[in-house]
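S.K.: If you scroll down you'll find the structure; I have some questions about it.
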Amino acid sequence: MSQVSMWGGLYDENWWLEYLEGELEPSLKEDLKILLKNSPADRNCLNQLERVKNLVKESDEEALPEDGRYYDDLHDRIMAAIEEEPLASEEKEEDKPVNEVKRSWTASVWCAFARRWMPVQPRKFDFY
Amino acid sequence: MKSDIELISEVKAGNRKSFSELVQRHQRALLRLSLRFTKEQALAEDIVQESFIKAYQKLHLFEGRSSFKSWLYQIALNTARNKYRNRFGENAPETVNYEDVPLGVDPGAETGMLRADMRKFIRAEVDRLPERQRIALTLRIFEDLSFKEIAEIMQCPYDTAKANYRHALLKLKARIEALELNDGMGSEMGWIENLSKAVPEVDV
């Protein structure tokens, strides 16, 4: 279903953003490619989105230290801190699960009841 | 070269040196990510160090459903969030400080100057975005991650990660278009004046 967007294009910005991010199904993408050739308004919308994305990308200014020694120092500091930590796979003896059958208190009560009231040997009746 | 998963198995088996290889492999990317959110090298270094230590401590919980890098990013973002909160308490600023755009601009300013101002404006606008939108935008545009990875890092559904990114980009587009439209159909000085008005002043 198509919709006429506010600037007269056939699709709204969300479609073109999906197109730009490569998130559309291939068949739909082909349809939109044809539309792009014929609709200046839609072409304009896509171009504008692409431009904004590029502007944001260009605004990146995070300059990382270039010196290799800086990363060696950082690595050494991290590893020194890790040396003090117990090994990831290590488990304390007392933390290890103990293999024993645990019975709930209700089960224990039922067992006690059964031992007290149920005859060990079923009573035999001789009807003959 | 061994894969991350192989190295992790070795660490789990008790080989600490394999973790050293993982640190070397990912420390740069993690520092870049931390710097984006803190804008302060010392603080970013702390976050990197703390993230690796946490990753080491919790390595037995890593099941390999996501990549090690995504998992590490997730830890770093949470660490950065906590550190930021601890540092500024409840009054954590919404935006990170930035320099004011120079007001007195020569009429014959070069394109490079305009571009620099535009970059400043966009950086300020990115910093003003809500946290989750800013994270999604940063991970997508600057770190070049897929939406699947972003969703893993942000611990949210795939569509939510995409929606956060979409809202962020459309918001920036609207702000840039408003700035350009108000400049009296493209006069350079008008554009610059609008730019200086549009960038809010921040107490330094």
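S.K.: Counting only C-alpha contacts under 8 Å and six or more residues apart, can you give the relative contact order of the stretch B:1-93 as a whole percent? Don't jump to the answer; show the numbers that get you there.
M.R.: Details: 58 pairs, mean separation 26.3, N = 93.
That works out to 28 percent.
S.K.: Oh, and also: Say each of residue B:1 and residue A:33 gets a label point 7 Å from the Cα, pointing the same way as Cα to Cβ; how far apart are those two points in nm?
M.R.: 3.3 nm
S.K.: In nanometres, what is the gap between the two model label sites at residue B:163 and residue B:28, each 7 Å from Cα along Cα-to-Cβ?
M.R.: 3.7 nm
S.K.: Right, here's the next one. Would the stretch B:36-85 count as rounded, prolate or oblate if I go by the C-alpha gyration tensor, calling it rounded below 1.5 in a/c and otherwise prolate when a/b exceeds b/c, oblate otherwise?
M.R.: Prolate.
S.K.: Right, another one. Net charge around residue B:159, counting only other residues with Cβ within less than 15 Å of its Cβ (Lys, Arg = +1; Asp, Glu = -1)?
M.R.: Values: positive: B:132, B:140, B:148, B:162, B:166; negative: A:18, A:21, A:23, B:149, B:152.
So the environment of residue B:159 carries a net charge of 0.
S.K.: Same structure, new question: How far apart, in nanometres, would the label points at residue B:42 and residue A:105 be if each is projected 7 angstrom from Cα along the Cα-to-Cβ direction?
M.R.: If labels sit at residue B:42 and residue A:105, their model points lie 5.6 nm apart.
S.K.: Stretched out fully, how many nm does the piece from residue A:75 to residue A:112 gain, at 0.36 nm a residue minus the Cα gap? Walk me through the numbers before you get to the answer.
M.R.: Working: separation 37, 0.36 × 37 = 13.32 nm, distance 6.25 nm.
Length gained, residue A:75 through residue A:112: 7.1 nm.
Read the figures in this text as sums done on the coordinates, not as results from a lab. The shown structure was predicted, so the numbers you read here are calculated from the model rather than taken from an experiment. Glycine also receives a Cβ, built like all others from the backbone with ideal geometry; neighbour counts cover every protein chain displayed.
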